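This report concerns only the one structure given below.
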Amino acid sequence: MSTVRSVSPGGTARKPVTLPELAARKRAGEPVVMVTAYDHPSARAAEDAGVDIVLVGDSGAMTVLGMESTVAVELDEMLVLARAARRGLRTPLLVVDLPFGSTEVSDAQAVTSALRLVKEAGADAVKLEGGGPERISRVRAILAAGIPVMGHVGLTPQTATALGGYRAQGRDAAAAARIVAEARALQEAGCFSVVLEAIPSELTELLVPQLADTLVIGIGAGPATDGQVLVFHDLLGIREGKGAKFVQRYADLQDAMTDGVRRYAEDVRSRAYPAPEHGYGMPAEELERLRTLL
């Protein structure tokens, strides 16, 4: 990670966020802020706002690339998004999703994919969905290659179809027990962090104490986690509809952008834009000279 410092919202210099610092924050009970970013402008917003972790999520398939789900995005496309985000960051830890299809074949494939994210995009860590035996094997292989791994259980969008769609998970005892087992397995495998997505708050309260060695990030998992993550476009309202139940909107930029473009179009059609102040002038003598040349 770059050693260049940026300035926090309070005006003090910020050092690059490290894994030991995040572990210390967990021990101290200081909430960790994580947000997604998919390009240079969104990364700059995260940097300037002073967040701790930036995730280049495969959700960019839907928010940026216009795909129907996260499943379709390719590793090469994730690399484009991640490189753009990397250029906008100095201090947050940069985590990049391993997309569907980049780890499923073998441990070797998973390691190769993770290495590309680190070497070609500057990722500090990678994120892998699921906590079953095969996924644990992938985690161990990536860790053995020297790359930190963030796990992800509960609602795992890459396999949402098998889970019955985009809906809360772990709402019955058997399903909740499976999530607990997967999260614990990810911790035992060595994940520095685990994301809990769309699970009951009561389950989170029972699970977090069992993950004493792992930073727990929640998204739709209640307030008992060590930190929270939201999708950039969800929290800023750069999308249609309200989004998932757990989303809190802090702005409505989609409406603002649409209104701005609409006003621009109206001004062009009415010839109100461009006005004289938007143009460049030419010295009168040069204009006269040009006329003689023509």
Once phi is turned into θ = phi - 60°, what whole-Hz ³J(HN,Hα) does the Karplus curve with 6.51, -1.76 and 1.60 give for every residue of the range 230-236, x standing for Gly and Pro?
9, 6, 3, 6, 6, 6, 9
Relative frequency of Cα-Cα separations exceeding 17 Å in the range 102-141, percent
23
If you work out Rg and Dmax of the Cα atoms in Å from the coordinates, which of (1) 19.9, 60; (2) 22.9, 88; (3) 26.1, 99 do you get?
(2)
Rolling a 1.4 angstrom probe over the protein heavy atoms, how many square angstrom per residue are accessible across the chain?
51
Loop only per DSSP, at most 16 neighbouring Cβ atoms within 10 Å: give me the chymotrypsin sites (Phe, Trp or Tyr not before Pro) in the range 192-279, ordered by residue number.
Phe246, Tyr250
Charge dipole of the range 1-139 built from unit charges on the beta carbon (Lys, Arg +1; Asp, Glu -1), centred at mean Cα; most positive-end Cα among Leu22, His40, Met78 is Leu22
Reference-scaled alpha-carbon Rg (2.2 N^0.38 Å with N residues) for the range 1-134
1.07
Calculated from backbone phi, Karplus (6.51, -1.76, 1.60) coupling profile of the range 88-104 in Hz, x at Gly/Pro
x, 10, 10, 10, x, 5, 9, 10, 10, 5, 7, x, 4, x, 9, 9, 6
For an R0 of 35 angstrom, estimate the FRET efficiency from the Cβ-Cβ distance between Ala177 and Ala49 and round to the nearest 0.05.
0.40
Would you please give the residues with an amide H less than 5 Å from that of Leu215, counting only those at least 5 places away or on a separate chain, with H modeled from the backbone geometry?
Ser193, Val194
Loop only by DSSP, 13 or fewer other Cβ within 10 Å of the Cβ. Give me the trypsin sites (Lys or Arg not before Pro) in the range 238-278 that pass, ordered by residue number.
Lys242, Lys245, Arg271
Which far-off residues, 5 or more places away or on another chain, put their amide H under 5 Å from the one on Ala221, with H placed in the peptide plane?
Ala198, Ile199
How are the Cα pair distances of the range 53-105 distributed, in percent, across 5 Å bins from 0?
5, 21, 31, 23, 14, 6, 1
Set the Förster radius R0 to 35 Å, insert the Cβ-Cβ distance between His278 and Phe246 as r into 1/(1 + (r/R0)^6), and round the FRET efficiency to 0.05.
0.20
Whole-Hz ³J(HN,Hα) from phi, Karplus 6.51 cos²θ - 1.76 cosθ + 1.60, for the range 58-68, glycine and proline x:
5, 4, x, 4, 8, 6, 10, 9, x, 7, 6
Rounded to a whole number, what % of the accessible area of the range 143-294 do carbon and sulfur atoms account for, probe 1.4 Å?
54
Long-range amide H partners of Met150 with built H, under 5 Å:
Val126, Lys127, Leu128
So for the range 247-294, considering every pair of alpha-carbon atoms, how many percent are separated by more than 15 Å?
68
Could you grab the relative contact order for the chain? Cα pairs under 8 Å, six or more apart, rounded to a whole percent.
14
Looking at the chain, which longest stretch skips every one of the GluC sites (Glu not before Pro) that is in a DSSP loop with at most 16 other Cβ atoms within 10 Å, leaving the sites themselves out?
105-239
Full-extension gain between Thr292 and Ala256, please, as 0.36 nm times their residue separation minus the C-alpha to C-alpha distance.
8.1 nm
Would you please state the base-10 log of I(q)/I(0) at q = 0.10, 0.13, 0.15 1/Å for the range 121-244, with intensities from the Debye formula using one equal scatterer on every alpha carbon?
-0.30, -0.51, -0.68
Just to be sure I understand: if I project the alpha-carbon convex hull of the range 10-79 onto a plane and average over all orientations, what area do I get in nm²?
6.1
Got a number for carbon plus sulfur as a percent of the range 1-130's accessible area, 1.4 Å probe?
58
Using Cα atoms only, what is the angle between the long axis of helix 284-293 and the major principal axis of the chain, expressed in degrees (0 to 90) to the nearest 10?
80
Hull-based mean projected area of the range 211-283, where the convex hull spans the alpha carbons, in square nanometres
9.1
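The values are calculated or read from the model by the stated rules, or taken from the named source; none is laboratory data. Remember, predicted model here, so these are calculated numbers, not experimental data. Methodologically, a virtual Cβ is constructed for each residue, glycine included, from the backbone with ideal geometry; neighbour enumeration extends over all protein chains shown. Surface accessibility is based on the protein's heavy atoms, side chains included, excluding ligands, DNA and RNA. Shrake-Rupley method; radii C 1.70, N 1.55, O 1.52, S 1.80 Å.
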